[in-house]
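Everything on this sheet refers to the single structure shown next.
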Amino acid sequence: MTRSGASVPGVESSTFRLFDDLRLNGVGQVAFKATLMGPYITGEIDEGIWSGSSGNLSMIKRKAPDIIVSTERPAFDGLSINDDGRVMLRAQFPPTVTQVTEPSGASGVQVHYNYGIFMRPPINGSDLLVRPGDPARGAYVFEYLNEPAFNSDSNYAFAASYSAPHDDENSGIWFTREGNKFVVVTEKARPPGTPADIEFSDFAGVKVALNNEDEIAFRAGLRGTGVTDANNIGIWAGTRGDLSLVARTGSSAVGAPGATFYFLSENHLNNAGDVAFMAILAGSGVSSNSDKGIWATRQGNLSLVAREGDSYEVAPGLIRTVIELKTRFAFNDLGQVAFLARFSDDTIGLVVVTP
């Protein structure tokens, strides 16, 4: 594909130095962030985004003059690529673009939002999809935009805060189809699967997953009557107007008798509408060698996929016990889960579990 020292498409007299944030779509195209080196490369212009296939890479966006870097946020993040080869990311604007300032801020400090969500190649002329200051709800405008998710139809979803007073309902999740934005859910809404007098808390930091069926999944916080630090996080999945609770901290952990969910990680969502997540457990019989597991749904039914303490045949007749599940794992459309594990003999293995 390319390597350090190779010439950089679109940037004369420069070579690639380091690579980061590699993304791969279903047809073999990649998108990645890279830093550059060369006689004319300075710290203001040494980073960018490229995408494509072997021998056919194109520059998507680059630091100055495309963007300016402030200390408030990175130049680029939220990178993804869909099966049509379109790339989506958050990026800062050049200094000529007017910054949007949140007048109060939760801490009373003004925050400058000089960035937006971009898609390239663009669909309707402009590659800028949304930025702080754009209309959100009623007379309110977007303030903070979290990392977006998009699918093969170039529909996308994101969580954001907007300019309502901070003690009011001022954040939510949006889904956009063909340029039309729809509110999926906002804070203070009743979370499906919870008792009365409970509502969603702030969505501004929520990361949304979106599949090719326009279904979403997300992890979010809760507040209200009976909500404590032990039961204030949940995962929901579904479509706009039809969300279902997948799991909640403090509830019984399926497949782990006597244990409850203590912490839920960010979730994966496949094109079958199934959700997978890693969780930390608490409760009877839970120890440091058995307090982490991976769960997944299949046709709406949640089950335990793997847990520390499980044993696997790593070679014919050779059984090893998992003593640590590594944090990251993969989840595909067949419902298979792949994860790295450390075994009792201190070896590391890659395990694939098929439902």
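Any read-out appearing in this document is the output of simple, stated calculations on the displayed coordinates, not a laboratory observation. Just so it is clear, the structure is predicted and the values come from calculations on it, not from any experiment. Cβ coordinates were reconstructed from backbone atoms using ideal geometry, including for glycine residues, and neighbour counts include every protein chain displayed.
Things worth noting here:
- Selection over segment 303-355 of residues that are over 20 Å from L264 (Cα atoms), touching a residue at least 24 places away in the same chain (Cβ under 8 Å) and among the small types (G, A, S) gives a count of 2.
- Annotation note: of L129, L222, the sole residue that is out of contact with any Leu (no Cβ under 9 Å at 6 or more places or on another chain) and under 24 Å from P74 (Cα atoms) is L129.
- Screening I173 on (1) aliphatic (A, V, I, L, M); (2) in a loop (DSSP other than H, G, I, E, B); (3) buried (at least 19 other Cβ atoms within 10 Å of the Cβ) shows it passes everything except condition (2).
- Segment 33-64, residues that are of a type in the set (A, V, I, L, M, F, W, C) and either in contact (Cβ under 8 Å) with a residue 24 or more places away in the chain or in a loop (DSSP other than H, G, I, E, B) (or both): A34, L36, I41, I45, I49, W50, L57, M59, I60, A64
- In segment 316-355, of all residues being of a type in the set (V, I, T) and within 30 Å of G273 (Cβ to Cβ), the one that is nearest to the chain's Cα centre (by Cα) corresponds to T327.
- Matching residues, segment 210-257, being farther than 24 Å from R307 by Cα and of a type in the set (A, V, I, L, M): L210, I216, L222, V227, L243
- Summed over segment 223-243, the residues that are over 19 Å from the mean Cα position of the chain (by Cα) and in a strand (DSSP E or B) give a count of 3.
- Qualifying position, being loosely packed, with under 11 Cβ neighbours inside 10 Å and among the β-branched types (V, I, T), among T321, T347: T347
- Looking only at residues in segment 244-276 that are of a type in the set (S, T, Y) and part of a strand (DSSP E or B), the one that is surrounded by the fewest Cβ atoms within 10 Å (Cβ to Cβ) is S252.
- Close pairs from segment 1-30: first touching a residue at least 40 places away in the same chain (Cβ under 8 Å) and on the phi > 0 side of the Ramachandran plot, partner basic (K, R) and not in a loop (DSSP other than H, G, I, E, B), Cβ under 8 Å, at least 6 apart: G10/R62; D21/K33
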